[in-house]
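Enquirer: Quick one: the structure is below, and I'll ask about it shortly.
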Amino acid sequence: MSQNSLDMLRRRIEDLDVALLKLLNERAAVSVQIGKLKAQDGLSVYDRLREEAVYGYLLEHNQGPLKTSEINRIFSNIISVSRRLQSTGDHEARGRSADDTATRAVSGNTSVYGILGNPVTQSMSPVMHNAAFRLLGIDAIYLPFEVHDVRGAIVGMRALQIRGASVTHPFKTSIPGLIDEIDATAREVGAVNTLVLEGNSIRGSNTDWAGAVRCIQGLLPIKDNRFVVVGAGGAARAVVFGITREGGKITLVNRTRDKGLPLAEAFGLPFVPLAEIEKVSGECLINTTPVGMYPNIGEMPVPKGVLSRYKAVVDVIYNPLKTRLLKEAEAAGCLVTNGVDMFVYQGAEQFRLWTGKEPPVELMRDVVVDALAQGQSD
Ligand SMILES: NC(=O)c1ccc[n+]([C@@H]2O[C@H](COP(=O)([O-])OP(=O)(O)OC[C@H]3O[C@@H](n4cnc5c(N)ncnc54)[C@H](OP(=O)(O)O)[C@@H]3O)[C@@H](O)[C@H]2O)c1
């Protein structure tokens, strides 16, 4: 191909990109208008059936070389932006600024939910659950509660009729003794991350394991595959329970034998000290330790040399979105995923338990990734 024709084709691409940008801006302006109309009629921004219909008619009209998966990928980004723009239209129509998103719906009827932990300042749960409440038009608010007295917090939850709560570090294993009922799964996992208030009674559940399963299944099937799980804390417990339940085989690896061995024995797993990790292998390595989490982003939980033994590597950390472990694993040719999906799916299951409604998972993921990316760029 001559340089002239290459230059000509590149100019054509540039013209098309400018035309596309103009069309996308026109589409954006229409989205804002739709947001205003939905706000006037009290309709939710998120409309699953409508979004599915968009993919349907696009595929019907596709006559070019784009594959279905490529169209879906492109339009899932456009639709995600559209939702945000519709929310902007909603704010404008109600004469409010984008900053008072969380509080604008509060009235005497508003149900209160929250997260119990310490610390909670970095938690992504408020942004995720408030977005889901708002987009489904549910009159509820989700707040961070930095807990200094966990027993008092449980008494307060009943007294104040807080409808539901997430439980996070360091209370997941101590809270079961303080509540009225624990479901069978949370009992088996050995930790509670979700509280539901019914009347005056508080029931504890665990959704972390379901989040872990969905996260891993996005990368490879669990059944009959071999997993090496590094760590023996709360996250490891949920991961081990989820993989065991789905028929995967696990070797548990931990820095200290004191903590690793009891977890391995509770689930009937082989235990290997972290110092001997070169002796084990499998299809998938899962890091459940905080090693590599912000601000210690240069650290790795395992030596780089072992990564090429695995097809896939999961890191339950989501801050940063790509840890050093995942970067090195990608360089070693592994499939990788971070902890965002685990977090979002555990939250989606909480939302289902609290509201009985189908959670807007894609939207929940979008707001979490946006908030994390924002934090990482600040
Ligand atoms: N994506 C999600 O939804 C999700 C959910 C829960 C947790 N997480 C993340 O998972 C991580 C762990 O949380 P957790 O609640 O399980 O913590 P945890 O209960 O405190 O357990 C931490 C585990 O990591 C090991 N560990 C800590 N520092 C280490 C080091 N320098 N070298 C080797 N091993 C080390 C500990 O080993 P020892 O036993 O030897 O001390 C322990 O087994 C955190 O980063 C948390 O943010 C993510």
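The values are calculated or read from the model by the stated rules, or taken from the named source; none is laboratory data. In this text, all values refer to a predicted model and were calculated from it rather than measured experimentally. FYI the Cβ positions are ideal-geometry reconstructions off the backbone, even for glycines, and counts take in every protein chain you see.
Enquirer: Just the residues that are within 16 Å of the ligand (Cβ to nearest atom) and not basic (Lys, Arg), please, taken from the range 166-182.
Expert: Correct list: Ser166, Val167, Thr168, His169, Pro170, Phe171, Thr173, Ser174, Ile175, Pro176.
Enquirer: Step by step: first the residues of the range 188-221, then only those that are of a type in the set (D, E, K, R) and within 19 Å of Val167 (Cβ to Cβ), then the one that is surrounded by the fewest Cβ atoms within 10 Å (Cβ to Cβ). Which residue is that?
Expert: Taking the candidates together, the pick is Glu198.
Enquirer: Would you call Gly268 without any contact (Cβ under 8 Å) to a residue 24 or more places away in the chain and surrounded by fewer than 21 Cβ atoms within 10 Å (Cβ to Cβ)?
Expert: So Gly268 fits the description; yes.
Enquirer: Take the residues of the range 268-316 that are among the acidic types (Asp, Glu) and within 23 Å of Asp208 (Cα to Cα): which is nearest to the ligand (Cβ to nearest atom)?
Expert: Filtering first and then ranking leaves Asp315.
Enquirer: While we're here: Select from the range 141-155 the residues that are more than 17 Å from Met124 (Cα to Cα) and surrounded by 15 or more Cβ atoms within 10 Å (Cβ to Cβ) and list them in ascending order.
Expert: Of the range 141-155, the ones more than 17 Å from Met124 (Cα to Cα) are 148-155.
Of everything in the range 141-155, those that are more than 17 Å from Met124 (Cα to Cα) and surrounded by 15 or more Cβ atoms within 10 Å (Cβ to Cβ) turn out to be Val150, Ala153, Ile154.
Enquirer: Working only within the range 311-343, note down all residues that are in a helix (DSSP H, G or I) and in contact with a strand residue (DSSP E or B) (Cβ under 7 Å, 6 or more places away or on another chain).
Expert: Selection gives Leu325, Leu326, Ala329, Glu330.
Enquirer: Return the pair list, or none, for Cβ contacts closer than 6 Å from residues in the range 275-295 that are on the phi < 0 side of the Ramachandran plot and of a type in the set (S, T, N, Q) to residues that are in a strand (DSSP E or B) and more than 8 Å from the ligand (Cβ to nearest atom), at least 6 apart or on different chains.
Expert: Asn287/Asp315
Enquirer: Which of (1) surrounded by 13 or more Cβ atoms within 10 Å (Cβ to Cβ); (2) touching a residue at least 24 places away in the same chain (Cβ under 8 Å) does Asp47 not meet, given it meets every other one?
Expert: Unmet condition: (2).
Enquirer: Sort through Asn109, Asn77, Asn25 and tell me the only one that's polar (S, T, N, Q), modelled with pLDDT of 80 or more and assigned to a helix (DSSP H, G or I).
Expert: One residue alone meets the criteria, Asn25.
Enquirer: Shifting gears a bit: Is it fair to say Val228 is in contact (Cβ under 8 Å) with a residue 60 or more places away in the chain, more than 8 Å from the ligand (Cβ to nearest atom) and assigned to a strand (DSSP E or B)?
Expert: So Val228 passes the test.
Enquirer: Looking only at the range 249-265, filter to residues that are in a helix (DSSP H, G or I) and buried (at least 19 other Cβ atoms within 10 Å of the Cβ); which one of those is nearest to the ligand (Cβ to nearest atom)?
Expert: The extreme case among them is Gly260.
Enquirer: Next question, about the same structure. Check the range 344-359 and report whether any residue there is part of a helix (DSSP H, G or I), within 11 Å of the ligand (Cβ to nearest atom) and exposed (fewer than 14 other Cβ atoms within 10 Å of the Cβ).
Expert: no
Enquirer: So, one more: How many residues does the range 272-310 hold that are buried (at least 19 other Cβ atoms within 10 Å of the Cβ), assigned to a strand (DSSP E or B) and over 23 Å from the mean Cα position of the chain (by Cα)?
Expert: 1
Enquirer: Does Phe241 satisfy the condition of being touching a residue at least 40 places away in the same chain (Cβ under 8 Å), of a type in the set (Phe, Trp, Tyr) and outside any strand (DSSP E or B)?
Expert: Values: touching a residue at least 40 places away in the same chain (Cβ under 8 Å): yes; of a type in the set (Phe, Trp, Tyr): yes; outside any strand (DSSP E or B): yes.
Criteria met by Phe241.
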